[in-house]
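**Q** The structure is given below, and queries will be raised subsequently.
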Amino acid sequence: MMPFLLAEFANLEATLPLYVCCVGSHEQKHLERPDGYPAHQLFLCRNGKGTFRVEGGPELIMTPGSVLLLPAHVGHAYSPGPSDEVWDLGFVAFNGGAAKAMLDQSIGLVLKVLQPPNFETLWNQLESLWRLISLNGEQAYWEASKRMYDMLLTLMEGQSPAKKSSKGVYPAGQPNPALQTAVKLIHDHFDEKLLLANVARAAGYSIQHFHRLFVADYGVTPQRYILQLRMRYALELFEENPSITVEKVAERLGMDTSYFIRMFKRTYGVTPKKYAERR
């Protein structure tokens, strides 16, 4: 899970030809947008099954490994399937002068459920974009623009006839698969009492070697990465549940209350209680 991130880029819309509006992934619930969304959206289905209903078009069913490119201001609604399986839906919203040009170039890919052969690469790019904005905020605007461009090119490349027929190509710079396994474990269980030794074991490394590889690939320690996820989720809990107690939030994050208060204040400069009172 990648908690929703709003990319606040200090009114750089006039400067950047392509910019990210928001990015994340979560257990998707029913949502209706009769007037559409003000930015273009790229959806990626990781697990489960869900249905999009687009104004004036047929139902679009997303299954694991599928993607959907949805233009701005197109009325739509979407909801998970009837089963109890979680619909894990990743998303990134983007806009800018170059965005429309790229959608025009990709007209055959718009409003269609696609099964790209390079889905894992796209998902890795989504996670990379989320981490970049999560850790760097406004300082990430130029790099986020470049990564969004790369992600759209990856989608287009995966749908080209030449790319579909190629096999056995291992892209340069592709993330370490063992580390990706570990990162998925972290995202699935960051709200539990997660032991670094168990994460390293899942990746097949010793703690020391795992720590070195993680820092080299992600630019932060595994502990810091987990803490960032927990702090972001804490904000979500306070936003969604105004009456929730600090103790309950700490419990939901798998943290001791005193440690949670200390880390929250270190991260945001205010105690969680004072933060909640300001909402």
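The values are calculated or read from the model by the stated rules, or taken from the named source; none is laboratory data. The structure displayed is predicted, hence computed values, not measured ones. All Cβ positions, glycine included, derive from the backbone under ideal geometry; neighbour counts span all protein chains shown. When the accessible area is computed, the model is the full protein with side chains, heavy atoms only, and any ligands, DNA or RNA have been set aside. Shrake-Rupley method; radii C 1.70, N 1.55, O 1.52, S 1.80 Å.
**Q** Looking at the stretch 222-249, I want the residues that are among the β-branched types (Val, Ile, Thr) and have a partner that is outside any helix (DSSP H, G or I) with Cβ atoms under 9 Å, at least 6 apart or on another chain. Which pairs are those?
**A** Ile226/Phe190; Ile226/Leu194; Val246/Thr271; Val249/Asn241; Val249/Met255
**Q** Among all residue pairs at least 6 apart or on different chains, which show Cβ distances below 6 Å where the first residue, located in the stretch 250-265, is without any contact (Cβ under 8 Å) to a residue 24 or more places away in the chain and under 15 Å from Asp191 (Cα atoms) and the second is open to solvent by less than 100 Å² (accessible area, probe 1.4 Å) and hydroxyl-bearing (Ser, Thr, Tyr)?
**A** Within 6 Å, the pairs are Ala250/Thr257.
**Q** Mind listing whichever residues of the stretch 28-47 are touching a helix residue (DSSP H, G or I) at 6+ places or on another chain (Cβ under 8 Å) and charged (D, E, K, R)?
**A** Arg46
**Q** Is it true that some residue in the stretch 243-262 is of a type outside the set (Gly, Ala, Ser) and modelled with pLDDT under 85?
**A** No.
**Q** Okay, moving on. Starting from the stretch 131-159, take each residue that is in a helix (DSSP H, G or I) and list its partners that are open to solvent by 50 Å² or more (accessible area, probe 1.4 Å), counting only C-beta distances under 7 angstrom and pairs at least six apart or across chains.
**A** What qualifies is Leu132/Glu143; Leu132/Arg147; Ser134/Arg232; Glu138/Glu8; Glu138/Ala10; Glu157/Lys163; Gly158/Pro117.
Condition check ((1) open to solvent by 60 Å² or more (accessible area, probe 1.4 Å); (2) over 24 Å from the mean Cα position of the chain (by Cα); (3) closer than 30 Å to Thr121 by Cβ) across all residues:
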site: Thr181; (1), (2), (3): yes, no, yes
site: Lys184; (1), (2), (3): yes, no, yes
site: Leu194; (1), (2), (3): no, no, yes
site: Gln228; (1), (2), (3): no, no, yes
site: Ser243; (1), (2), (3): yes, yes, no
site: Val246; (1), (2), (3): no, yes, no
site: Thr257; (1), (2), (3): no, yes, no
site: Lys274; (1), (2), (3): yes, yes, no
site: Glu277; (1), (2), (3): yes, yes, no
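**Q** Pick out, from the stretch 23-106, the strands (runs of 3 or more DSSP E) lying fully within it that include 2 or more residues that are among the hydroxyl-bearing types (Ser, Thr, Tyr) and open to solvent by less than 60 Å² (accessible area, probe 1.4 Å).
**A** Output list reads 76-80.
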